[in-house]
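Input: a single structure, listed below in structure tokens.
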Ligand code: S3P
């Protein structure tokens, strides 16, 4: 699908971004470990979370939508009923995570504790993403795993079993890897000690602790003690800051904008985009901070701002990494140079996001240079129009959609349907906020 976006005369309004994808995956997968029923309010409607539900159903978990009565102000809910990990069925078919790295890596961790054979695969993008980082520690714990390319790419076949706890240093600050190993460790013999190179999102730790798991954190060391009885947990999912980030950048970079984003998750292990935009001079107010389901939540007000270039590197990267493409777009409208470094992990996402961002923003007239581990952007204060492509990457498609609002002429995005992965209503919301 092609989408055409015209320059916006202004951006105004209040919007609740879609349910958090990371928290939705966790609400379904972590609850499926415990036997019993849980209700998840505001579960993500995105294709990635549908992939998670499809895989869980093949393992014997039931997930049904509770549709609110007509006219009711209630949000749709999901009722999840699990027989518990020890009663999972051997899947009668391949578990297909499609485009979702979170689904594949979490499911691998969970399958480490089942005694049957499962095969997991994904779409062309996911089949090219690194899985050796999961396979190696799972093998050290005692799982048998085989896959393409010396067991580093999906499809992967796994037979779990009686795992043992390990002490392990994660080679990358990845929340997906950390979470997969936590899931494996919860049912292993003996404790597992994970050393993390830097902080990454901690939604798994928060939710599992609320379910009764024994997890302790000391700086970057995470200790998992198996044996606790896990209880199902009703979860209310807040709005996704990674989705909200598109509107934050749109409003900050547009000369005539005032946008309020309500009910946004602002977990500090995830929300560094707020700090970076503020450091760039973004006029951002975080209002009405509160806790919801163990996660910090707030409303965010963003107005037209005079942006300045910054350096984004080091430990900041893992806590804002999905926002790098849209921050690179913000940098095009900032005075001076923005340098993004230590972000080589972005090359292993749904697309090579460093290459894709540099290529597509350059196509629109941006001054962007690619580094092996980042980007250098000279702010020019404007972009021209043009036709660009999404690379089948939802975050690229949405970044280019925002570029269209800010550019001088029409921007056409091919492969625009991919927003369905995390934000099915993105194009509708874009129209709602825009005056042309
Ligand atoms: C996610 C972790 C991040 C992020 C992804 C979602 C998660 O990936 O990029 O979109 O929900 O845990 P990595 O763990 O590979 O860094």
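What follows is calculated from the coordinates using simple rules that are stated; it is not laboratory data. Not measured: the values here are computed from a predicted model. Because the Cβ atoms are built from the backbone with ideal geometry, glycine has one as well, and the counts that use them run over all protein chains shown.
Before moving on, here are some points about what is shown:
- Counted residue by residue at 0.36 nm each, then reduced by the alpha carbon distance between them, the extension gain from residue 348 to residue 195 reaches 52.9 nm.
- Ranked packing of 238-245, 353-360, 129-136, 336-343, most packed first, by mean Cβ within 10 Å: 238-245, 353-360, 129-136, 336-343
- Taking only alpha carbon atoms, the stretch 346-431 gives an Rg to Rh ratio of 0.96, where Rh is the Kirkwood radius.
- The simple Förster model, with R0 at 56 Å and r as the Cβ-Cβ distance, assigns residue 431 and residue 136 a FRET efficiency of 0.75.
- Degrees, to the nearest 10: 21-33 long Cα axis against longest axis of the chain: 10 degrees
- Taking the fewest neighbouring Cβ atoms within 10 Å as the starting point, the ordered list for 260, 65, 384 is 65, 384, 260.
- The stretch 231-368 has equivalent-ellipsoid semi-axes of 26, 19, 12 Å, by the square roots of 5 times the alpha carbon gyration tensor eigenvalues, sorted largest first.
- Taking N as its residue count, the alpha carbon Rg of the chain over 2.2 N^0.38 Å: 0.96
- Here the extension length gained between residue 409 and residue 355 equals 17.1 nm, from 0.36 nm per residue of separation less the Cα-Cα distance.
- Sorting the segments 114-122, 162-170, 102-110 by their residues' average number of neighbouring beta-carbon atoms within 10 angstrom, most packed first, yields 102-110, 114-122, 162-170.
- Principal-axis tilt of helix 353-363 within the chain, Cα atoms, nearest 10 degrees: 20 degrees
- The slack in the chain from residue 337 to residue 306, taken as 0.36 nm per residue of separation less the alpha-carbon distance, amounts to 9.8 nm.
- Relative pair counts by distance (%), Cα atoms of the stretch 21-225, 5 Å bins: 1, 8, 17, 21, 21, 16, 10, 4, 2, 1, 0
- With the biggest extent put first, the Cα atoms of the stretch 30-105 measure 41, 28, 19 Å across the principal axes.
- Relative to the longest principal axis of the Cα atoms of the chain, helix 394-406 runs at roughly 20 degrees.
- Between the stretch 28-67 and the stretch 93-129, the Cα center-to-center distance that results, in Å: 16 Å
- Per-selection Kirkwood Rh - the stretch 248-321 (Cα, Å, 1 d.p.): 12.8 Å
- For the pair residue 228 and residue 67, a Förster radius of 30 Å applied to the C-beta separation gives a FRET efficiency near 0.30, rounded to the nearest 0.05.
- Protection proxy ranking of 76-86, 197-207 - average other beta-carbon atoms within 10 Å, highest first: 197-207, 76-86
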